[in-house]
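To start, the structure itself, in structure tokens.
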Amino acid sequence: MTLEYMTGSVPVEALAITVQDENGNARSLSAYSGASLLVSGPDGVLRTGGTAAITDAANGLVTFTWPTTTLFDVPGDYRLQLKLTAGSGADYTTTIPVVVKRGLEV
């Protein structure tokens, strides 16, 4: 799965991500107490903002609500990754590629 956005986009709809195991099945997230979404731009710098929440632990669903400002400030290849936390421990998902293109207004 590759997501695509335009430079300057501030998505209105939340992003739903289903965490999968190595066989492609939804992974239970019941062992985790929290989640955050890491966004890396084409320059390798992490962008911050928005909130992630485990919304259906049994079915591996995490919902990310976008910040009110863009995370996609320049065109290029971005990567998204979930950080799942439990106590002092953390697990990271594989990355999701995002292509950000220059829109007609930019």
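Is it fair to say Thr69 is over 12 Å from the mean Cα position of the chain (by Cα) and in a strand (DSSP E or B)?
For Thr69, the condition - over 12 Å from the mean Cα position of the chain (by Cα) and in a strand (DSSP E or B) - is not met.
List the pairs whose first member sits in region 18-47 and is touching a residue at least 60 places away in the same chain (Cβ under 8 Å), whose second member is among the aliphatic types (A, V, I, L, M) and outside any loop (DSSP other than H, G, I, E, B), and whose Cβ atoms are under 7 Å apart, counting only residues at least 6 apart or on separate chains?
Note: pairs meeting the criteria are Val19/Val62; Val19/Leu82.
Checking the structure you have, find out if any residue of region 64-78 is under 15 Å from Arg27 (Cβ atoms) and not acidic (Asp, Glu).
Checking region 64-78: not a single residue is under 15 Å from Arg27 (Cβ atoms) and not acidic (Asp, Glu).
So, in region 29-58, of the ones that are outside any strand (DSSP E or B) and of a type in the set (A, V, I, L, M), which residue ends up nearest to Asp73 (Cα to Cα)?
Val45
Inside region 12-28, can you point out the residues that are assigned to a loop (DSSP other than H, G, I, E, B), out of contact with any Leu (no Cβ under 9 Å at 6 or more places or on another chain) and surrounded by 10 or more Cβ atoms within 10 Å (Cβ to Cβ)?
Ala14, Asp21, Asn25, Arg27, Ser28
Only one of Thr69, Thr48 is within 13 Å of Pro11 (Cα to Cα) and either modelled with pLDDT under 95 or surrounded by fewer than 15 Cβ atoms within 10 Å (Cβ to Cβ) (or both). Can you tell me which?
Thr69
Hey, does region 94-104 have a residue that's part of a loop (DSSP other than H, G, I, E, B), out of contact with any helix residue (DSSP H, G or I) (no Cβ under 9 Å at 6 or more places or on another chain) and more than 16 Å from Thr7 (Cα to Cα)?
yes
Go through region 87-102 residue by residue and tally those that are out of contact with any Leu (no Cβ under 8 Å at 6 or more places or on another chain) and surrounded by 13 or more Cβ atoms within 10 Å (Cβ to Cβ).
Matching residues across region 87-102 total 2.
Scan (1) under 17 Å from Arg102 (Cα atoms); (2) not in a loop (DSSP other than H, G, I, E, B) for the single condition Leu80 breaks and write down its number.
Condition not satisfied by Leu80: (1).
The values are calculated or read from the model by the stated rules, or taken from the named source; none is laboratory data. Nothing here was measured: the structure is a model prediction, and the numbers come from that model. All Cβ positions, glycine included, derive from the backbone under ideal geometry; neighbour counts span all protein chains shown.
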